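Down below is the structure, laid out as structure tokens.
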Amino acid sequence: MPQEAIRAALGAVLEGLGASADDVRLERPRDPSHGDLSTNIALALAGRLHRKPREVAEEIAGRLDLAAAGVESVEVAGPGFLNFRLSSGTVASVLDEILRANAGYGRSETGGGHTVMVEFVSANPTGPLHLGHGRQAALGDAIASLLEWTGWKVHREYYYNDAGRQMDLLARSVRARYRQRLGRDESLPPDGYRGDYVAEVAEDLVAEVGEQFLKDDSGDALDQIRKFAVRILRAEQDRDLSDFRVHFDEYFLESSLYEEGLVDGTVEQLRSTGLVYEKDGATWLKTTEFGDQKDRVMIRTSGLPTYFLPDVAYHKNKWDRGFHRVVNVQGSDHHGTMARVLSGVRALGLPEGYPQYVLHQMVRVERDGQEVKFSKRAGSGVTLRELYEEVGVDVARYFFQMRKPDAQLLFDLDMALDQSDKNPVYKVQYAHARMCSIFAKAGVNAEKLEGGSSDLDVLGADLERDLLKRLREFPATIERAAASMSPHVLCDYLEQTAGAANAWYHSGNPTRSPELAVLVDDSVLRSARLSLARAVQIVLRNGLTVLGIDAPQRLVRATTEAVAS
């Protein structure tokens, strides 16, 4: 790495000044004209040496072995900063690393193979997935992928809330539509589900059981209708997610927490802590002991648990299954529940930091500057499938991922349907396709290019240096995005790198800037530039792969000719 070479070369000089390489901190200057890397080591040493900082800096610069440091020049700036400009060979050396690592470039072992569960989507099986579920699916899947790329063993889990009042309302809504379909005059529950999908489920129920439940008002009949509706809607949600390229290792049913006695067991464990008390006929947990604004009801006067109790039992179950790091990706409406769950797991003695939460804001869709609000089939907001069938899975996933999770997301359909570089995902995909087109024109199999096969010192143009430096930042970007569980960090990187790649590609057009053309007669320069094109191709492909987005070799606009072949 360039930083290591510079630090080692500086260490040889600093030894004579009573310092060491450990004292050196290298940073990238904000202004690229100041060089590639900079250090304030002379200012830090000046006081100790009782000398002027600039004088110390000039001595260090004069004694530095440039070749050993891998730098072309070192400049003393301001009161005593040392600015380094890397040699072309040093900058380009990353190409060999990228070509050798190929699909593994950007991967690390930071996680050490430890297990982490990422729980996301976890939508109630009461209807089609909406855009909030879609954003969560894209975010959760990308977070899981980022963790995998940094050495974690990831388990993707979906928690089905198949118990409680909402499921009862679904069953009653389906029963009403079922009976209406068979000619009986029956109204929907006042707060029931009214989307067209309920009638579709009822139609399927008629086809399967005929008039079996037409006059049967028993609890057993309603339970059978509930199970049927859940089965149908779960299957639909699974299809939607599969087509959205989201898959899970396990589906966990809320009902199993009750069937296996885990909720009752959690209540007993909480009682044993002395933090549970009875008041006004309800059972309370002293959540104020853990920073909550007030204590919370755990079991209502009716004997039914409040929402957070089964969630606490679920997280105790996660821990008992060996998942000692858990990341929950949920909507911002879970903020209150989050605080109560954290209080509950703390009361059970589980450690701080368990579980972790990534809360995301909702999604608003606009077309022609007007908000798109309604889906007749869902009876509410636009469904996830309706969205990605219109704009494509790649675009939908990228748009959901390209903003900070806690930022409101305006999904601009006009931009999403734009197939030019103005659309950020197409910008990245076009850059990848353009690199592929270089090899198609050269008649070269990009997969056969190997690291160490080119003289990279010839890559000295500013556009090439800028692009090379960006390629070197890819592994650190993956690490940063994984550590903060922020896919948008990777999106920002890909857009900037694609912009640099597109600028280099277009500048190499012989009619614009023939000196930067890739397919030149000079075999040494041609080989080096093909290596650069291949490295760009690898980095963009790897980045898109992390996000679950295709890296096409060829793109065709709907209204124009092929963009790249």
message = Kindly evaluate GLN180 against the criterion of being more than 26 Å from GLU254 (Cα to Cα) and in a helix (DSSP H, G or I).
response = yes
request  = Would you mind listing the helices (runs of 4 or more DSSP H) fully within the stretch 66-127 where at least 3 residues are of a type in the set (Gly, Ala, Ser)?
outcome  = 66-69, 88-92
key: Odd one out for LEU417 among (1) surrounded by fewer than 21 Cβ atoms within 10 Å (Cβ to Cβ); (2) of a type in the set (A, V, I, L, M, F, W, C); (3) in contact (Cβ under 8 Å) with a residue 40 or more places away in the chain   = (3)
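Considering only residues of the stretch 446-455 that are assigned to a loop (DSSP other than H, G, I, E, B) and among the charged types (D, E, K, R), which is farthest from the chain's Cα centre (by Cα)? Let's see the steps before the verdict.
Residues of the stretch 446-455 that are assigned to a loop (DSSP other than H, G, I, E, B), as a first pass: 449-455.
Then drop every residue that is not among the charged types (D, E, K, R), which leaves 450, 455.
Details: GLU450: 31, ASP455: 37 Å.
Result: ASP455.
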Sole residue being among the β-branched types (Val, Ile, Thr), in contact (Cβ under 8 Å) with a residue 24 or more places away in the chain and either farther than 16 Å from ALA163 by Cβ or not assigned by TED's automatic domain parsing to the domain that holds ARG181 (or both), chosen from THR283, THR266, THR288, THR301 = THR266
query = Consider PHE411 against the criteria (1) at pLDDT 95 or above; (2) under 16 Å from the mean Cα position of the chain (by Cα): it satisfies all of them except one. Which criterion is unmet?
reply = (2)
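So which residues in the stretch 15-43 are over 17 Å from ASN83 (Cβ atoms) and either surrounded by 17 or more Cβ atoms within 10 Å (Cβ to Cβ) or under 37 Å from the mean Cα position of the chain (by Cα) (or both)? Outline the logic, then answer.
Of the stretch 15-43, the ones over 17 Å from ASN83 (Cβ atoms) are 15-23.
Within the stretch 15-43, LEU17, ALA19, ALA21, ASP22, ASP23 qualify.
What number of residues within the stretch 66-108 are out of contact with any Lys or Arg (no Cβ under 7 Å at 6 or more places or on another chain), of a type outside the set (Val, Ile, Thr) and closer than 30 Å to GLU447 by Cα?
Pass one, the stretch 66-108, residues out of contact with any Lys or Arg (no Cβ under 7 Å at 6 or more places or on another chain): 66-70, 74-75, 77-78, 81-90, 92-93, 95-98, 100-108.
Still in the running and of a type outside the set (Val, Ile, Thr): 66-70, 75, 77-78, 81-89, 92-93, 95-97, 100-108.
Filter again for closer than 30 Å to GLU447 by Cα, leaving 70, 86-89, 92-93, 95-97, 100-108.
Here the count works out to 19.
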inquiry  = Taking the criterion of being among the acidic types (Asp, Glu) and in a loop (DSSP other than H, G, I, E, B), would at least one residue in the stretch 328-347 satisfy it?
reply    = no
key: Given (1) of a type outside the set (A, V, I, L, M, F, W, C); (2) at positive phi; (3) surrounded by fewer than 20 Cβ atoms within 10 Å (Cβ to Cβ); (4) not assigned by TED's automatic domain parsing to the domain that holds LYS227, number of the condition GLY106 does not satisfy   = (3)
query = Scanning for something surrounded by 14 or more Cβ atoms within 10 Å (Cβ to Cβ), at pLDDT 95 or above and not in a helix (DSSP H, G or I), does the stretch 256-264 turn up at least one residue?
reply = no
Residue under evaluation SER145, criteria (1) under 30 Å from LEU188 (Cβ atoms); (2) in contact (Cβ under 8 Å) with a residue 60 or more places away in the chain, criterion not met = (1)
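Can you work out which of the residues in the stretch 1-54 that are of a type in the set (S, T, N, Q) and at pLDDT below 90 is nearest to ARG465 (Cα to Cα)? Talk me through it step by step, then tell me what you get.
Let us first name the residues in the stretch 1-54 that are of a type in the set (S, T, N, Q), namely 3, 20, 33, 38-40.
Still in the running and at pLDDT below 90: 3, 20, 33.
On the way: GLN3: 16, SER20: 30, SER33: 12 Å.
The qualifying residue nearest to ARG465 (Cα to Cα) is SER33.
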query = Just one of ALA61, ALA5, ALA46 is without any contact (Cβ under 8 Å) to a residue 24 or more places away in the chain, surrounded by 14 or more Cβ atoms within 10 Å (Cβ to Cβ), out of contact with any Asp or Glu (no Cβ under 7 Å at 6 or more places or on another chain) and not in a loop (DSSP other than H, G, I, E, B); which is it?
reply = ALA61
task = Please enumerate the residues belonging to the stretch 145-168 that are at pLDDT below 95 and not polar (S, T, N, Q).
result = TYR160, ASP162, ALA163, GLY164, ARG165, MET167, ASP168
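To keep it simple, each residue is scored yes or no on (1) touching a residue at least 24 places away in the same chain (Cβ under 8 Å); (2) touching a strand residue (DSSP E or B) at 6+ places or on another chain (Cβ under 9 Å); (3) part of a loop (DSSP other than H, G, I, E, B).
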{"site": "GLN429", "(1), (2), (3)": "yes, yes, no"}
{"site": "MET435", "(1), (2), (3)": "yes, yes, no"}
{"site": "VAL444", "(1), (2), (3)": "yes, no, yes"}
{"site": "ASP457", "(1), (2), (3)": "yes, no, no"}
{"site": "GLU464", "(1), (2), (3)": "yes, no, no"}
{"site": "ARG470", "(1), (2), (3)": "yes, no, no"}
query = Does the stretch 219-252 hold any residues that are more than 30 Å from LYS153 (Cβ to Cβ), among the small types (Gly, Ala, Ser) and at pLDDT 95 or above, and which are they?
reply = ALA221, ALA229
key: Filtered residues of the stretch 484-498 (kept if more than 15 Å from GLU473 (Cα to Cα), out of contact with any strand residue (DSSP E or B) (no Cβ under 6 Å at 6 or more places or on another chain) and either part of a loop (DSSP other than H, G, I, E, B) or touching a residue at least 40 places away in the same chain (Cβ under 8 Å) (or both))   = SER486, PRO487, HIS488
remark   = Every listed condition ((1) within 34 Å of the chain's Cα centre (by Cα); (2) buried (at least 17 other Cβ atoms within 10 Å of the Cβ); (3) not acidic (Asp, Glu)) holds for ALA101 save (2)
message = Restricting to the stretch 518-565, give me the number of residues that are out of contact with any helix residue (DSSP H, G or I) (no Cβ under 8 Å at 6 or more places or on another chain) and modelled with pLDDT under 85.
response = 7
query = Name the residues in the stretch 304-324 that are surrounded by 18 or more Cβ atoms within 10 Å (Cβ to Cβ), in contact (Cβ under 8 Å) with a residue 60 or more places away in the chain and in contact with a strand residue (DSSP E or B) (Cβ under 7 Å, 6 or more places away or on another chain), would you?
reply = TYR314, LYS318, PHE323
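Select from the stretch 235-255 the residues that are part of a helix (DSSP H, G or I) and among the aliphatic types (A, V, I, L, M) and write down the one among them that is nearest to the chain's Cα centre (by Cα). I'd like the intermediate steps shown before the answer.
Filtering the stretch 235-255 for residues part of a helix (DSSP H, G or I) gives 235-243, 254-255.
Now restrict to residues that are among the aliphatic types (A, V, I, L, M): 235, 241.
Values: ALA235: 25, LEU241: 16 Å.
The extreme case among them is LEU241.
The values are calculated or read from the model by the stated rules, or taken from the named source; none is laboratory data. All figures in this text were calculated on a predicted structure; none of them were measured in a lab. Here Cβ is always computed from backbone atoms with ideal geometry, including for glycine, and neighbour counts include all displayed protein chains.
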